[in-house]
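Following: one structure in structure tokens, then a few remarks.
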Amino acid sequence: MPSKKERKGLMQEKVDVQIGKRGVTDQIIEYIRERLKAAPFLKVKILRSALGEGTTAKQVATDVAGKVHAKLADVRGNMFVLSH
């Protein structure tokens, strides 16, 4: 798990993956799995159109982390960081 300073630095990096209006699809999950194999951390942005009524970014982030078997390092606004 990254330290608080490392998490802050990660949130300032560019976005690696965007979850769009189709939401969390099998293709997105597979892409995130592949990217996590190549990098220790992955920054994901959830577009507002991907958040359904009553769904929060934290819920989506937790769902994605569970599906790719990764750790949820940080959630801020509509962005989150995964680590393996």
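Quick look at the values:
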item: Options (1) 19, 15, 11; (2) 20, 14, 11; (3) 46, 21, 12 - which one matches semi-axes √(5λ) of the Cα gyration tensor in Å as calculated here; result: (1)
item: Residue-count net charge about Thr62 - beta-carbon cut-off 14 Å; Lys, Arg +1, Asp, Glu -1; result: +1
item: Loop-exposed GluC sites (Glu not before Pro) per DSSP, neighbour cap 13 Cβ within 10 angstrom, longest uninterrupted part of the chain; result: 14-52
item: Gained length - Lys14 relative to Leu47, 0.36 nm times residue gap less alpha-carbon distance; result: 10.4 nm
item: Longest segment of the chain lacking trypsin sites (Lys or Arg not before Pro) that sit in a DSSP loop with at most 13 other Cβ atoms within 10 Å; result: 23-84
item: Per-pair calculated FRET efficiency, R0 = 30 Å: Glu34 and Gln59 via Cβ, rounded to 0.05; result: 0.80
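A short reminder: the numbers here are calculations on the coordinates, not readings from a lab. What you see is a predicted model; the values in this text were computed from it and never measured. Neighbour counts are summed over all protein chains in view; Cβ atoms, including those assigned to glycine, are modelled from backbone coordinates with ideal geometry.
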